[in-house]
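Each remark here refers to the structure printed beneath this line.
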Amino acid sequence: MSEPKPLALITGASSGIGAVFAQTLAARGYDLALVARREDRLRQLADLFGRQFNANCTVLRADLTREEDLRAVEIFLTGATDFEMLVNNAGFGTLDQFSGGPVESHDAMHRLHVLATMRLTHAALRNFSKRGKGDVINVSSVAAFIPNPRSTSYYATKAWINCFTEGLYLELKNAGSQVRVQALCPGFTMTEFHDVLGTGRDFISSKWWMSAEDVVQDSLRGLEKGKLFVIPGWRYKLLVACTRLMPRSVLHFALTKGPASLRRERVRQEKPEQT
Ligand SMILES: NC(=O)c1ccc[n+]([C@@H]2O[C@H](COP(=O)([O-])OP(=O)(O)OC[C@H]3O[C@@H](n4cnc5c(N)ncnc54)[C@H](OP(=O)(O)O)[C@@H]3O)[C@@H](O)[C@H]2O)c1
């Protein structure tokens, strides 16, 4: 009898980075549990990966901002056999100002980026404890390293993902655990993200756009090396390094009163920036 395959659960698997994680992991011999709201998309991908890679795919239609859907995915994770990898990837951006606008999109973003990531990671760790190993990849953003007055909830929730993953990394290390965790921090990536956001892609030079395939390859290479933070692409590594070296007061000036900010504000009327 053949060895059972390891199982990976990927949220936001219906497009973009999540769909590429699913394809790459299926090609590497994983069975998949695919989570998102667009069930038709998930079923198409499940059929494709079944045919291409002989992967056994479970489709879990869920809106992870809804308590009952999140609970159903948690229950699935808790009981899943041969479960080895969780990719908390589902996410979206908004262009609402925090003050003045409606609270609903901020509420949904916190539920998806923060609560769903926390609850599914907890369920995954309980499952991993049976075999003492497993992997969690939390998809964050370079935005996590840089505050931004124009997209407060997005930057704040991605910063939370980094802090949460780092705390967990240290907790697991202290406990001598084999479980690996990673915060994946991409920059601008060619997916449906900016279509959902309603912006074009011309607001920034094509050099800054990465493919979802490159982002996923960097993530999985980083996982093998046990890297906590993975920032795909040299441009973004450099940007984050410079931002970290900059005194906070200088960064705040640049983001509020600096010429770059004023120029960006003019450009942003039609072409907002967010990763
Ligand atoms: N693209 C970028 O430039 C970029 C840069 C940095 C970080 N990221 C991060 O990368 C992750 C993946 O985004 P992407 O770029 O691949 O964008 P994408 O193509 O729009 O994919 C987003 C995925 O999240 C799912 N999703 C959204 N809301 C959901 C909900 N309430 N419940 C369940 N699933 C939900 C979507 O599926 P359904 O619509 O079918 O539910 C879709 O599968 C996000 O966390 C994003 O913040 C993206």
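The values are calculated or read from the model by the stated rules, or taken from the named source; none is laboratory data. As the structure is a prediction and not an experimental result, all values here were calculated from the model. Cβ coordinates were reconstructed from backbone atoms using ideal geometry, including for glycine residues, and neighbour counts include every protein chain displayed.
Restricting the stretch 105-130 to residues that are surrounded by fewer than 13 Cβ atoms within 10 Å (Cβ to Cβ) and modelled with pLDDT under 95, the residue that is farthest from the chain's Cα centre (by Cα) is LYS130. The single residue among PHE53, PHE21 that is of a type in the set (Phe, Trp, Tyr) and within 12 Å of the ligand (Cβ to nearest atom) turns out to be PHE21. Evaluated against (1) in contact with a helix residue (DSSP H, G or I) (Cβ under 9 Å, 6 or more places away or on another chain); (2) in a helix (DSSP H, G or I); (3) at pLDDT 95 or above, PRO232 falls short on exactly one condition, (2). Here GLU192 fulfils each of the conditions (1) under 15 Å from the mean Cα position of the chain (by Cα); (2) away from the ligand (no atom under 15 Å from the Cβ); (3) among the charged types (D, E, K, R) apart from (2). Can THR152 be described as surrounded by fewer than 19 Cβ atoms within 10 Å (Cβ to Cβ), free of Cβ contacts under 8 Å to residues at least 60 places away in the same chain and under 16 Å from LEU112 (Cα atoms)? Here the answer is yes, as THR152 does meet what is asked.
When the stretch 2-16 is limited to residues that are more than 20 Å from GLY134 (Cβ to Cβ) and out of contact with any Lys or Arg (no Cβ under 6 Å at 6 or more places or on another chain), the one that is surrounded by the most Cβ atoms within 10 Å (Cβ to Cβ) turns out to be GLY16. Within the stretch 191-229, being touching an Asp or Glu at 6+ places or on another chain (Cβ under 7 Å), closer than 26 Å to VAL136 by Cβ and in a loop (DSSP other than H, G, I, E, B) holds for one residue alone: LEU228. For the residues ALA36, ALA55, the requirement of being in contact (Cβ under 8 Å) with a residue 24 or more places away in the chain, crowded, with 22+ Cβ neighbours inside 10 Å and within 21 Å of SER140 (Cβ to Cβ) singles out ALA36.
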